[in-house]
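The values are calculated or read from the model by the stated rules, or taken from the named source; none is laboratory data. Note that the structure is a prediction, hence the values are computed from the model and not measured. Note that we place each Cβ from the backbone using ideal geometry, even for glycine, and neighbour counts take in every protein chain shown. The area values use the complete protein model at the heavy-atom level, side chains included, leaving out ligands, DNA and RNA. Shrake-Rupley method; radii C 1.70, N 1.55, O 1.52, S 1.80 Å.
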Amino acid sequence: MEENLLNEEQRKAVSFGEGPLLVLAGAGSGKTRVLTHRAAWLINERGVAPEKIALLTFTNKAAGEMKERIKRMGVSNIELGFSGTFHTLCAKLLRNYGMNVGVNPNFVIFDSDDSESTMKEVLKSMSIDPKQNKPGMFLAIISKMKNDLVSEKEAEGKARDYFFRQLTKVWRAYQEKLNRNNAVDFDDLLVKAVEVLKIERIRKEVNAKLEWILVDEYQDTNKAQFALTKYLAGEKRNITAVGDAAQAIYSFRGADYRNLKLFEETYPELITVGLPKNYRSTQFILDAAYSVVSNNVNHPTLKLSAEREMGKKVNLFEAMDERDEAKYIVDAAKKIGDRNEESAILYRTNAQSRAFEDELLRRDIPYKLIGGLRFYNRAEVKDLVAYLRLLHNPKEEISRTRIEKIGKRKAGAFDEWLGKLPEKKKAEGRPGQLLEDIINVTNYLEKFDERDEEDAARIENINELLAVASEYENVSGFLESAALSEAEIKQKKSNAKITLMTVHAAKGLEFLHVFVVGLEEGLFPHSRSIFEGGKEEIEEERRLMYVAMTRAKENLTLSFARSRLSYGGRHTSIPSRFLAEIPEEYIQRTQGTKNSRNQDGEDSRIKDTFDEFGEKKRIIVQDWEVEEATKDDFADIDNW
């Protein structure tokens, strides 16, 4: 094994003997290297049979990469006992032992679409309108309870109000339908596997087969996965967990970073090894990122030291508005692409991609969009554009066909409204106002539930569409722009050097140059974390910011706009509290167009922000200020 490739801390983790080991691996500190070298060390140096080792990850891609690395370390003709995702391992366990917990070994696995279709049928059979009560909402709550190892009967016993009593009935009917189909959903794979391993006879048999357990990204485990790893470790307790609480950003999937603390409590004899050396980013980037995430109080954070040079300061760009922001960022990214280097533009929500896509398409610059459809190809955007196209040309059949698929009642309401609309308004009406009228008359938004994560994203896309449409004087101009944007999407992807994605999608990736955009209150941190959440939600947003910043290897640019076009018009923006948490010595400020400066041409200053919403704090940005912030100050942002 190439031990010379490991630093002192990595070698200590790799060559650890028997018992539980926790590796606190900061961003870019070589956690994958540690896990793969540890597996190879156990085989080559410790003499452990490869089939005794289980390597658990969260994606098949990560598992494949680790297997390839292990093969390159002298174990190319040997297969591990298991290497893959939690769900894959659970499926194997249920194929072998599922009959012991009432699962037929020939079960089928329902994916998310199958589960949603099943839930729709369940709701209809119970005379519950799936348009008013979204299947996804029920599935999300049930999934959370399953991942927390709360059984259907336990939930039923704790149901105190009408909604939860109804929920438990829906859950029971949903589960019965799965059973009739000899099916399990993704959550059942975990829950049923835990039930299997609770059986002592089976647990001992599995423990005899898999004696060494290596787990990646432990901060992303939920309660069911924690229980799985505990049972898999068995009495020998030869378990290695690698994780970093500062990179825990998936609570909406049920992940619980507190499992790292629970891991320590479960194994009092635990040895902990920290990996403080970073091989990805420059020191300025690491120090700026640490200054943000270290404001969290619910978990420790490793302070990382760069093995690279100090590098350049973090560039903070203050834009006049979202167009100014997009122009500056795209121009900077193009220069990078011209040098044949890659860059990434990271944003908090998918709806924010629109301004950057428009600018890239306008300038004929190739780009890659990761983790989502291009803006004008998103279903809700295409629906509303179809209404507008039919208003502009009532004979257009393609749009009418699309509208009829949305729902005949809505199409009828639209036709009735269209018949009453004066010809002058049809021809000269502003598209933004007409779209609002269409949404209201067709009750288009009633199909979405803001409590559902995906629906909330769709509503954000609709509000972004309303915002951009409001900039046009007439319908024909807007439709022409939208059509050209859609047509220009057919571009050569092979030479694209600019990648657009959400911060969540960027987890695990790295780029020479990173632009984190839209750093304003209500955007990043997101409005839901400010008004509907508490300290935990704000801390997760802060961890998300840390993840975004540490994707950068050489250059990091952060940007915010002084005003932004949002639902209802243009509004003054408040810079993100996270920007105020970065000391001035780590920042190099850049301003946008001349109009974005105050009359004296002074640099902007963010003197203070608020730690928790509602506290008396002051923000001063150039020639405007917000003092003693209240929810009313964010009313426009909250409507997004």
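Just for the range 1-32: of the residues that are part of a helix (DSSP H, G or I) and touching a Lys or Arg at 6+ places or on another chain (Cβ under 8 Å), which one is modelled with the lowest pLDDT? Per the criteria, the residue is 3. If you go through the range 290-320 and keep only what is among the charged types (D, E, K, R) and assigned to a strand (DSSP E or B), you end up with just 318.
Taking the conditions exactly as written (loosely packed, with under 15 Cβ neighbours inside 10 Å, free of Cβ contacts under 8 Å to residues at least 40 places away in the same chain and closer than 26 Å to residue 282 by Cβ), does residue 79 satisfy them or not? No. Restricting attention to the range 101-110, the residues being open to solvent by 40 Å² or more (accessible area, probe 1.4 Å) and modelled with pLDDT under 90 number 5. Of the residues making up the range 441-462, at least one is over 27 Å from the mean Cα position of the chain (by Cα), crowded, with 20+ Cβ neighbours inside 10 Å and modelled with pLDDT of 80 or more.
Counting only residues that are polar (S, T, N, Q) and either closer than 28 Å to residue 43 by Cβ or at pLDDT 95 or above (or both), the range 181-221 holds 3 of them. Condition first: touching a strand residue (DSSP E or B) at 6+ places or on another chain (Cβ under 9 Å) and open to solvent by 20 Å² or more (accessible area, probe 1.4 Å). Now tell me which residues in the range 221-233 satisfy that. Residue satisfying the conditions is 230 alone. The selection criterion, being among the aromatic types (Phe, Trp, Tyr), over 29 Å from residue 526 (Cα atoms) and at pLDDT 95 or above, does not hold for residue 290. Just one of (1) closer than 24 Å to residue 231 by Cβ; (2) touching a Pro at 6+ places or on another chain (Cβ under 7 Å) fails for residue 78. It is (1). All of 345, 285 fail the test of being part of a helix (DSSP H, G or I) and buried (at least 18 other Cβ atoms within 10 Å of the Cβ), apart from 285. Within the set 165, 172, 160, the sole residue that is open to solvent by 70 Å² or more (accessible area, probe 1.4 Å), of a type outside the set (Gly, Ala, Ser) and outside any helix (DSSP H, G or I) turns out to be 160. Among all positions in the range 174-186, there is at least one residue which is among the hydroxyl-bearing types (Ser, Thr, Tyr) and in the same structural domain as residue 139 (by the TED database). Could you tell me whether any residue of the range 111-133 is open to solvent by less than 30 Å² (accessible area, probe 1.4 Å), in contact with a helix residue (DSSP H, G or I) (Cβ under 9 Å, 6 or more places away or on another chain) and either among the aromatic types (Phe, Trp, Tyr) or within 21 Å of residue 90 (Cβ to Cβ) (or both)? Taking every residue of the range 111-133 in turn, at least one turns out to be open to solvent by less than 30 Å² (accessible area, probe 1.4 Å), in contact with a helix residue (DSSP H, G or I) (Cβ under 9 Å, 6 or more places away or on another chain) and either among the aromatic types (Phe, Trp, Tyr) or within 21 Å of residue 90 (Cβ to Cβ) (or both). Here residue 237 meets each of (1) within 22 Å of residue 52 (Cα to Cα); (2) buried (at least 18 other Cβ atoms within 10 Å of the Cβ); (3) of a type in the set (D, E, K, R) with one exception, condition (2).
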